[in-house]
Structures are given as structure tokens and as C-alpha cells.
Amino acid sequence: MNVNLRQLRTFVCIARVKSFTKAAQILNASQPTLSAQIRELEDALHVRLFDRNTRAVALTPAGEDLFPAVDQLLSEFGHVMQRARDVSARVVGKVCIAALPSVCSTSLPLAIAAFREQNPGISVMLRDAVADRALDLVRAKEVDFGISSAIDDPKIEFVPVTRDNIVAVLPLGHPLAMSRSITLQQLLNFPLILTDRDSSVRHIVDSAFAAIGRMVAPEYEATFMSSAVGMVRAGLGITLLPSSAHEVTTGETVIRRVNHPELRRSIGIVKLRGRSLSPAATAFVELYARYARKRRPNSAQRLD
């Protein structure tokens, strides 16, 4: 069966106006063209759709039975096409993101607010997750993309956006607060509060300690940066967090640089390789990149 939308539109138009001549004017086509389309449709369906003579055009019983279904089909198809145009124009749609907690607490909310103001018809769903969990959400296609640290995975595409260093967050009055920078060896002399093992920060910290031949055993582990900082403020130890999270670490703490080349990370967009983003998601990525680079903390913000 070879039936196309043009034939169906012609059928519905003629059925409405009950005239091939009027339908030809409405559809901006010649009457012989419409007649040929109806013949092709009737041949494909093996049924006569119109009874016609020189004075009138009327639907056959088969045509009357078919008309409501075809009319509804064309209406629904029109809605689908309009939806596609709206998605392309970012009038409607949804963007689903998985992002690191440090990103969720700094530049990302500002980017979301600006995006929603520019695109009020687009909803944004945010899943704050540590690095491994964010990647799992990307792999499972539960989100459009992630904002996370660099990953060595052939199935994942990573596009760097910004970078930050891992710094030490100390309680006020701590002995190491007297130094402008400290070493990993010095940190081993004090209780450490580290993020859990699924986080990008923990991967970097463990790798840095391994590079000096030491395995670190933290006194406490925390999933959220705010929890780690709360423990620092209570005098329970020192934590290591990204410098981009300066909003979280300010107040009753001292931030110091740690001298080690591996204590830095690249933050960017992670998505399945070969999977295209929607127009809305593409626009959001571009907007977020501008905010992330603008919000990157300078030296004065990173260190006391």
C-alpha cells in the first residue's frame, strides 16, 4: 500500500468543501492533480471514496467511514509537527542534567536561572551526584548530559569547560593556617575528612597520596561538601575540596593551597559519544560554559 500525506490531505479537503475545484484553489494545485491523487489513493485502498458528476461531489459510504479517522490522523500529525518545530525553536522541551555537588552549589544555579529567563517554556531537571553516579546516569540515558571531571572512557565524550585546584580547608587557628601553602606530608599529621570514594575529588586525592607512596586513611568520610566543611568548623580535622566551591567553604575556615601537581581537575560536559543533544540541551551547554568560566574563582577567592 502506497499512501502519502498529500493524498490524505487532498481527500479531507475535498470531503469538506465537496468540490474538486474549490479544493484545488485551497490547496493551490490544479484540479487534474487532485483527481490523480484521489485515483492513486483509491487504487491503494481498493475502494471508491467519492461519487461525482458534473454537478456534485459526495463521499461514498466507504469514504464517509474513512473520513473521521483520516481527519483525526492529520490533526494529530499537525500537532506532532508543531511540537517538533517548538522543540527546535526551544519554545518547549526539557533539559536533564547530572552535575557534581561543587558545580551545583556555584555556577550551575546561576546558569539555570539565566536559561529559564531566556527560555521560559523549557524545564530543567537537575540531579546533583558525585562523579561515578553522574556518569552512571549519563550511561543509562537518564540525563541528557553530565557536568563532571574528565573521564577515560571510549564510550564517553568529555568537553572541558573550566578547571580548579583541590585545596585544604582548615579550622580557624589550625597550626597549618600559618603557612601560605602546605604539603601532603604535612596533612598526614592531622585528622583528615575526605569525600566518599565515588567522588571525583576523592579519586584525585587518593591518586596524589599514592604518588608520594602513601595510602591515606581518613578519620571521617562525607558525601556532601557541606558536611565535610561542617566537620572542619567543629574542629574535627582538615578536608580537601575543589577551589571552585569557595561559597561553601567561606566562614570560620581557612583555605590553603596544597603543593602537589596532581591536585587539580578539569570540569566539563560528559555525554555518550555519538549521541546528539537536543536544541535546548545544546543551548544550555553553551550558556553554562560562559557562566562557569566567568565564575571561576581567582587567587583572592581561592586563598585567604
Boolean, A29 is part of a loop (DSSP other than H, G, I, E, B), on the phi < 0 side of the Ramachandran plot and either touching a residue at least 24 places away in the same chain (Cβ under 8 Å) or among the small types (G, A, S) (or both): yes
Any residue at all in the range 278-296 that's modelled with pLDDT under 90 and among the acidic types (D, E)? no
Taking only pairs six or more apart or across chains, which ones have beta-carbon atoms under 7 Å, a first residue in the range 36-51 that is touching a residue at least 12 places away in the same chain (Cβ under 8 Å), and a second residue that is of a type in the set (G, A, S) and surrounded by 16 or more Cβ atoms within 10 Å (Cβ to Cβ)? L49/G63; F50/G63
Pairs where the first residue, in the range 214-239, is more than 17 Å from S199 (Cβ to Cβ) and the second is of a type in the set (G, A, S) and surrounded by fewer than 15 Cβ atoms within 10 Å (Cβ to Cβ), C-beta under 8 Å, 6+ apart: R233/G251
The listed residue being touching a residue at least 12 places away in the same chain (Cβ under 8 Å), under 14 Å from I269 (Cα atoms) and part of a strand (DSSP E or B), out of V161, V167, V143: V161
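Residue-by-condition table, conditions (1) surrounded by fewer than 16 Cβ atoms within 10 Å (Cβ to Cβ); (2) under 46 Å from the mean Cα position of the chain (by Cα); (3) farther than 19 Å from Q72 by Cβ; (4) among the β-branched types (V, I, T):
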{"site": "T10", "(1), (2), (3), (4)": "no, yes, no, yes"}
{"site": "R16", "(1), (2), (3), (4)": "yes, yes, no, no"}
{"site": "F20", "(1), (2), (3), (4)": "no, no, yes, no"}
{"site": "L27", "(1), (2), (3), (4)": "no, yes, yes, no"}
{"site": "P32", "(1), (2), (3), (4)": "yes, no, yes, no"}
{"site": "A36", "(1), (2), (3), (4)": "yes, no, yes, no"}
{"site": "R39", "(1), (2), (3), (4)": "yes, no, yes, no"}
Just give me the residues in the range 176-187 being touching a residue at least 12 places away in the same chain (Cβ under 8 Å) and assigned to a helix (DSSP H, G or I), in sequence order. L176, A177, L184, Q185, L187
Kindly evaluate D43 against the criterion of being part of a strand (DSSP E or B) and either surrounded by fewer than 14 Cβ atoms within 10 Å (Cβ to Cβ) or touching a strand residue (DSSP E or B) at 6+ places or on another chain (Cβ under 9 Å) (or both). no
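Here's the yes/no breakdown for (1) surrounded by fewer than 17 Cβ atoms within 10 Å (Cβ to Cβ); (2) not hydrophobic (A, V, I, L, M, F, W, C):
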residue	(1), (2)
H174	no, yes
R180	yes, yes
L184	no, no
L187	no, no
I193	no, no
D196	yes, yes
I204	no, no
S207	yes, yes
I212	yes, no
Tell me, which residue of the range 214-235 that is among the hydrophobic types (A, V, I, L, M, F, W, C) and surrounded by fewer than 16 Cβ atoms within 10 Å (Cβ to Cβ) is farthest from D136 (Cα to Cα)? A234
Out of S149, S102, which single residue is touching a Pro at 6+ places or on another chain (Cβ under 7 Å), buried (at least 18 other Cβ atoms within 10 Å of the Cβ) and touching a residue at least 40 places away in the same chain (Cβ under 8 Å)? S102
Which of (1) among the charged types (D, E, K, R); (2) at pLDDT below 90; (3) under 14 Å from the mean Cα position of the chain (by Cα) does R116 not meet, given it meets every other one? (2)
Could you grab me the full set of residues in the range 108-140 that are touching a Gly at 6+ places or on another chain (Cβ under 9 Å), β-branched (V, I, T) and not in a strand (DSSP E or B)? V138
Given the conditions (1) closer than 19 Å to A23 by Cβ; (2) at pLDDT 90 or above; (3) in contact with a Ser or Thr (Cβ under 9 Å, 6 or more places away or on another chain), and given that A56 satisfies all but one, which numbered condition is not satisfied? (2)
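The values are calculated or read from the model by the stated rules, or taken from the named source; none is laboratory data. What you are looking at is a predicted structure, and each value in this text was computed from that prediction instead of being measured. Heads up, the Cβs are rebuilt from the backbone with ideal geometry, glycines too, and the neighbour counts pull from every protein chain shown.
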